[in-house]
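Read the structure below first, then the notes.
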Amino acid sequence: MMHIKQLVTTITQQLQPLYDEREAAAVAYLYLQTKLGMQRYELVLHGQESVGAQIMAEIEHDVEKLKEGCPVQYVLGETEFYGMTFNVSPAVLIPRQETEELVQMVIERYKGQNVRIWDVGTGSGCIAVSLAKMLPDAEVFATDVSEDALAVARSNAQRNGVGVTFARHDMRDTDHFPFDGTRFDVVVSNPPYIPASDRATMHRNVTDYEPSLALFVPDEDKLWCYKAVAELGRRVLNISGRIYVETYHDFHNELTELFQQHGYTDAQSFKDLNGWLRFVTCGR
Ligand code: GLN
């Protein structure tokens with residue numbers, strides 16, 4: 001029988017070849033909190049209690065996956081984003097903290113307004129679902145090229161009790177619109193933007209587990225997703241409509257130029273909380 005305190009220590013130790021001590025402990029705590037349905041302090045408070053044999057068997061099985069490098073969010077099948085819980089599977093990118101700031105920008109600008117929003121490349125649906133939750137007067141639409149991702153996104157709308165209209169759509173296809181005739185006030189997107197050549201410098205638990213389709217773009221056409229978003233925006237945005245995108249810190253000059261070339265005005269870049277230029281917004 002193992003006590004909760006021993007579990008924290010053992011899992012942290014077992015993950016140390018993979019992560020540094022702080023990160024290993026963070027993963028161990030996050031895993032056990034979710035698995036046991038406890039707050040972090042409760043793991044300490046109940047440190048001398050032991051867990052049942054059935055749960056223990058499940059934990060051992062999960063720890064094997066964690067040791068192989070599988071991200072804890074995939075092992076748990078869920079993660080937190082904007083104060084809500086989202087289902088995740090290897091069909092979708094794990095929502096990132098920076099993306100909460102993108103959501104925040106849209107919420108601040110459109111709070112209380114009856115606007116129509118399209119989330120292009122919705123993945124887990126984290127952007128679309130949190131916008132629908134926080135902007136109850138808005139109508140939210142979301143697309144992805146992957147049916148598997150859409151299934152996860154739909155489950156997240158349901159799990160968080162919001163209505164989002166989903167459709168499969170390849171953003172490259174600027175001739176066919178999934179919601180024909182619908183005009184939008186906001187097009188928001190956190191598309192794939194990591195140049196493929198960066199793969200070599202990234203952590204194995206990202207590159208081996210998260211969908212390449214959601215992460216990488218070819219070095220020779222790094223901005224293709226933003227071109228697609230810009231072209232879609234020209235067709236579907238209202239006169240006063242705006243684009244909000246997340247991007248790579250290196251892309252800002254090129255990206256603001258790209259939007260200007262597509263006829264957009266007022267292109268502005270914003271930094272994330274870590275001080276990296278991360279978001280671009282522009283008006284139609
Ligand atoms: N929009 C989703 C997110 O922000 C998916 C992003 C992606 O797969 N590139 O997490």
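Structural remarks
- Low-density loop positions, trypsin sites (Lys or Arg not before Pro), segment 91-139 - DSSP coil, at most 16 other Cβ in 10 Å: Arg96, Lys111
- Between His46 and Glu21, the simple label model (points 7 Å from Cα in the Cβ direction) yields a spacing of 2.8 nm.
- Ordered from longest to shortest, the equivalent ellipsoid semi-axes for segment 236-279 are 21, 12, 7 Å, each the square root of 5 times a Cα gyration tensor eigenvalue.
- Unit Cα scatterers, Debye sum, segment 18-70: log10 I(q)/I(0) for q = 0.14, 0.16, 0.21 Å⁻¹: -0.39, -0.50, -0.85
- Shown for Val106, Val63: other C-beta atoms within 10 Å of each C-beta, ranked fewest to most, produce the order Val63, Val106.
- Assigned charges on the beta-carbon of Lys, Arg, Asp, Glu; the chain dipole about Cα centre (debye): 620
- With R₀ fixed at 25 Å, the C-beta to C-beta distance from Gln33 to Glu98 puts the FRET efficiency at about 0.65.
- Between segment 55-98 and segment 107-130, the alpha-carbon center distance in angstrom: 24
- Cut-off 16 Å, label 7 Å out along Cα→Cβ of Asp221, residues of segment 159-185 by amide N: 170-175
- Positive-end extreme of charge dipole, segment 130-239 - chosen from Val236, Gly163, Tyr193 (charges on Cβ): Gly163
- Neighbour net charge for Asp170 - beta-carbon separation under 13 angstrom, K R +1, D E -1: -3
- Reachable lysines, given that their alpha-carbon falls under 18 Å from the alpha-carbon of Lys65 and they are not under 8 places away in the same chain: Lys35
- Convex hull volume per residue for segment 188-284, taking Cα atoms only, in Å³: 103
- Projecting the Cα atoms of Gln48, Thr247, Gln260 onto the dipole axis of the chain, where Lys and Arg carry +1 and Asp and Glu carry -1 at the beta carbon, places Gln260 farthest toward the positive end.
- Residue-wise HN-Hα coupling along segment 154-159, computed from phi with Karplus coefficients 6.51, -1.76, 1.60 (Hz; x: Gly, Pro): 4, 5, 6, 5, 5, 4
- Since only Ala138, Thr79, Ala151 are under comparison, the one whose Cα sits farthest along the positive direction of the charge dipole of segment 68-223, derived from C-beta charges on Lys, Arg, Asp and Glu, is Ala138.
- Segment 206-284 and segment 141-182 have Cα centres separated by 19 Å.
- Packing-based exposure ordering (other Cβ within 10 Å, fewest first) of Ile239, Ile107, Ile11: Ile239, Ile107, Ile11
- Estimated purely from DSSP H runs of n ≥ 4, each contributing -39500 (n - 2.57), the mean residue ellipticity at 222 nm for the chain is -12500 deg cm²/dmol once divided by its residues.
- Under a 5 Å amide H cut-off, with hydrogens placed 1.01 Å from N, Glu78 pairs with Val88 among residues at least 5 apart or on other chains.
- Debye log10 I(q)/I(0) for the chain, one point scatterer per Cα, at q = 0.08, 0.11 Å⁻¹: -0.38, -0.68
Every read-out reported here was derived from the displayed coordinates using simple, explicitly stated rules and does not represent laboratory data. What you see is a predicted model, and the numbers here were worked out from it, not measured in a lab. No Cβ is skipped: glycine too gets one built from the backbone with ideal geometry, and neighbour counts run over all protein chains shown.
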